[in-house]
């Protein structure tokens, strides 16, 4: 049913809850795992002129580490894996990757933000992916005890 599973990651604790579900789904379907991390260009642009290059380099390095962590976990399970680091707005790049790479399902975590926190950060990446993706999106919700 699923040949390619997209697993977006920012390297946060959220991926540690999301990844077991994604890997199980991939194993059950003999699917390829596509690990994606997006360097959020809004963060780079928000940095001062003198800091922009350093912020960009740091975010890019973090993104590369994040996809490698997913790749390592997938490889340990004997799964085929591909990694990608993109630059842009996270939700838009996730949807774009899914479309361009003919992904069958996206497995994404939600970090359990309160409504007020969502307003401050202009919403939830996972919500915008659900709203805009043309493929099924499997959302791993943070457990209530983890939300504190």
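The values are calculated or read from the model by the stated rules, or taken from the named source; none is laboratory data. Just so you know, these numbers come straight off a predicted model, no measurement behind them. Reconstructed Cβ throughout: ideal geometry from the backbone, glycine too, with neighbour counts over all protein chains shown.
Can you pull out the residues in segment 98-108 that are surrounded by 16 or more Cβ atoms within 10 Å (Cβ to Cβ), within 16 Å of residue 9 (Cβ to Cβ) and more than 11 Å from the chain's Cα centre (by Cα)?
Quick first cut of segment 98-108, residues surrounded by 16 or more Cβ atoms within 10 Å (Cβ to Cβ) only: 98, 103-108.
Those left that are additionally within 16 Å of residue 9 (Cβ to Cβ): 98, 103, 105-108.
Residues satisfying the conditions are 98, 103, 105.
All but one of (1) more than 15 Å from residue 137 (Cβ to Cβ); (2) surrounded by 14 or more Cβ atoms within 10 Å (Cβ to Cβ); (3) under 15 Å from the mean Cα position of the chain (by Cα) hold for residue 95, so report the exception by its number.
So residue 95 meets the others, but not (1).
Given (1) closer than 24 Å to residue 136 by Cα; (2) at pLDDT below 95, where does residue 23 come up short, assuming only one miss?
Checking residue 23 against (1) closer than 24 Å to residue 136 by Cα; (2) at pLDDT below 95, the one that fails is (2).
So which residues in segment 54-95 are touching a helix residue (DSSP H, G or I) at 6+ places or on another chain (Cβ under 6 Å), assigned to a helix (DSSP H, G or I) and closer than 23 Å to residue 134 by Cα?
Result: 90, 91, 94, 95.
Out of 14, 83, report the one residue that is under 12 Å from the mean Cα position of the chain (by Cα), buried (at least 17 other Cβ atoms within 10 Å of the Cβ) and under 17 Å from residue 137 (Cβ atoms).
Working: 83 fails: under 17 Å from residue 137 (Cβ atoms).
Just one listed residue meets the conditions, 14.
Can residue 75 be described as surrounded by fewer than 14 Cβ atoms within 10 Å (Cβ to Cβ) and either modelled with pLDDT of 90 or more or under 16 Å from the mean Cα position of the chain (by Cα) (or both)?
Working: surrounded by fewer than 14 Cβ atoms within 10 Å (Cβ to Cβ): yes; either modelled with pLDDT of 90 or more or under 16 Å from the mean Cα position of the chain (by Cα) (or both): yes.
The answer is yes for residue 75.
Going by what's in this entry, would residue 111 be described as under 15 Å from the mean Cα position of the chain (by Cα), at pLDDT below 95 and either part of a loop (DSSP other than H, G, I, E, B) or within 23 Å of residue 31 (Cβ to Cβ) (or both)?
Working: under 15 Å from the mean Cα position of the chain (by Cα): yes; at pLDDT below 95: yes; either part of a loop (DSSP other than H, G, I, E, B) or within 23 Å of residue 31 (Cβ to Cβ) (or both): yes.
So residue 111 fits the description; yes.
I need the full set of residues from segment 43-53 which are exposed (fewer than 12 other Cβ atoms within 10 Å of the Cβ) and assigned to a helix (DSSP H, G or I), in order please. Quick ask: steps written out before the conclusion?
Taking segment 43-53 first, the residues exposed (fewer than 12 other Cβ atoms within 10 Å of the Cβ) are 45-46, 48-50, 53.
Residues satisfying the conditions are 45, 46, 53.
Does any residue in segment 14-36 that is under 11 Å from residue 109 (Cα atoms) come within less than 6 Å, Cβ to Cβ, of a residue that is assigned to a helix (DSSP H, G or I) six or more places away or on a different chain, and which pairs are these?
That search, which allows pairs on different chains as well, returns 19/73.
Kindly establish whether residue 4 is under 16 Å from the mean Cα position of the chain (by Cα) and under 19 Å from residue 139 (Cα atoms).
Considered against the rule, which asks whether it is under 16 Å from the mean Cα position of the chain (by Cα) and under 19 Å from residue 139 (Cα atoms), residue 4 comes out as yes.
How many residues are more than 16 Å from the chain's Cα centre (by Cα) and either under 30 Å from residue 2 (Cβ atoms) or free of Cβ contacts under 8 Å to residues at least 12 places away in the same chain (or both) if we restrict to segment 39-72?
Here is the first cut: in segment 39-72, the ones more than 16 Å from the chain's Cα centre (by Cα) are 42-58.
If we keep only those that are either under 30 Å from residue 2 (Cβ atoms) or free of Cβ contacts under 8 Å to residues at least 12 places away in the same chain (or both) too, we end up with 45-54, 57-58.
Residues that pass the stated criteria total 12.
For segment 89-107, how many residues are without any contact (Cβ under 8 Å) to a residue 60 or more places away in the chain and out of contact with any strand residue (DSSP E or B) (no Cβ under 6 Å at 6 or more places or on another chain)?
The first filter runs over segment 89-107 and keeps only residues without any contact (Cβ under 8 Å) to a residue 60 or more places away in the chain, leaving 89, 91-93, 95-96, 99-100.
This time we only want the ones that are out of contact with any strand residue (DSSP E or B) (no Cβ under 6 Å at 6 or more places or on another chain), so: 89, 91-92, 95-96, 99-100.
The number of residues fulfilling the criteria is 7.
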